[in-house]
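> So that we are looking at the same thing, I have put the structure below in structure tokens.
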Amino acid sequence: MEIQDFVKKTELVPLAELTTLAAHRGCFGDDVLAGFTTQLQLRQTAAQVVLDTASQANRDTLLASEQRSYDSAMRERDAILGLQRAIEQRTEQRSFVPESQRQPEKKKTAGGLFGLELRALAESSGAGAVIAPDQWGPGFFDRLAASSVALRSGIRVMRTDRDALHVPRIDADPAAAWTAEGNPITPGDPGYTDLVATPRKLATLTVLSNELIADSNPDVVGLLEMQVARALALKFDLGVFEGSGTAPEIRGLKNVVGITLDNSLAAAPANLDVFATAIATLETNNAQATAIVMHPRTWGTLSKLKEGTAANNKPLLQESAGSGGQAVDRRIYGVPVYLSSQLSVVEGTAESSAYVYDASQVVAVFRQDTRIELDRSRLFNSDQSELRAIMRADLVVPNPLAVVRISKFIL
């Protein structure tokens, strides 16, 4: 597709064509960016239509086909954000004005983009060339959310600009008692605990040749942005679920004191009873199971479970009888299942764990947002630049009884 044809398009253009178009060196300018914004809006609208359809049908969850349509639209939207970032940078390079000739500019005010918050990361400055929020903020954080299983599972997110954030927890409600008329009322004080979240640094650093930055096609900085997002997301997930709590690593669910541990499995599971028990345990503790996280290998084993009769080879997780070509809804007893390759498969002897939890009782605390800097000064004598990304985060669990860890999945 020619660029002049693309900028006139108002209908959906396949992602493959957009990728090819964005790789072209002549693909830059405000009209091209406007075209990519239109494609973003079309994907966002498609995703919203799926949600509206489920809402109109009074359903709290999506059907398997709807989930696939929604996920496809969101994946394409995320990919287009990356392409748009590359085009923005190419446009800026083509319109570069030397520092000595620049006129003072008013500071840009962050706004909204399709429901995504534009957060101030840093303003451009001198040799450091810090990437400004309108360039990196929305695309980067959204891709992190899409890549991170912990964030996708619905855990709460809190933000702070301080070294530590205090999160109050109610340990006990005031006592109530039937009291005879005229008798004194026995006082009963509530109990509180102060949880302290200390966001810790998660960082990555990449050295690039300036010639590579200038000559690469597709844009290497845009490509690195996506790789950095994935690297931080995976390491964040590892910390959320299995972090030791020994500084500088955060403490993950596995090592939070007070969670329920079910270590009753002694062999490969033959049924889904351990999940039924975990869900019941959460209900007993006045929590509601909203997410199950396990290793893909564990899900593969559960997907092979059959209903158990010689005449019936139907998978246990398949909704209705039929061929193996039918999709299996990734849920157990109605609770969404999320897969993370970051979970260990070498606990004990080739064992793994699964986590069943109430996501509203698990809190990720971020100290502001991820900051990305491209520095051209320190390696000036070797004509190289450094791309650094830093995220500060911690995890707190106000109510540990809202988490069940099922260990000893022997596969």
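Values quoted throughout were computed directly from the atomic coordinates according to the rules given, and no laboratory measurement underlies them. What you see is a predicted model, and the numbers here were worked out from it, not measured in a lab. Every residue, glycine among them, receives a Cβ derived from its backbone with ideal geometry; neighbour counts consider all protein chains shown.
> Hey, any idea what the orientation-averaged projected area of the convex hull of region 1-92's Cα atoms comes to, in nm²?
If I average the Cα hull's projected area over directions, I get 6.1 nm².
> Report the net charge of residues surrounding Arg405, where surrounding means a beta-carbon distance below 13 angstrom and charges are Lys +1, Arg +1, Asp -1, Glu -1.
Here the charged neighbours net out to -2.
> Magnitude of the Cβ-charge dipole of region 1-77, K/R +1 and D/E -1, about the Cα centre, nearest 20 debye?
In debye, rounded to 20, region 1-77 gives about 140.
> Using amide H atoms built in the peptide plane, which far-off residues or other-chain residues are under 5 Å from Leu305 H to H?
Leu316
> Can you list residues from other chains, or at least 5 along the same chain, whose modelled amide H is less than 5 Å from the amide H of Val362?
It is Arg156, by chain and number.
> Report, in whole Å, the centroid distance computed from the Cα atoms of region 168-229 and region 339-411.
Region 168-229 and region 339-411 have Cα centres separated by 12 Å.
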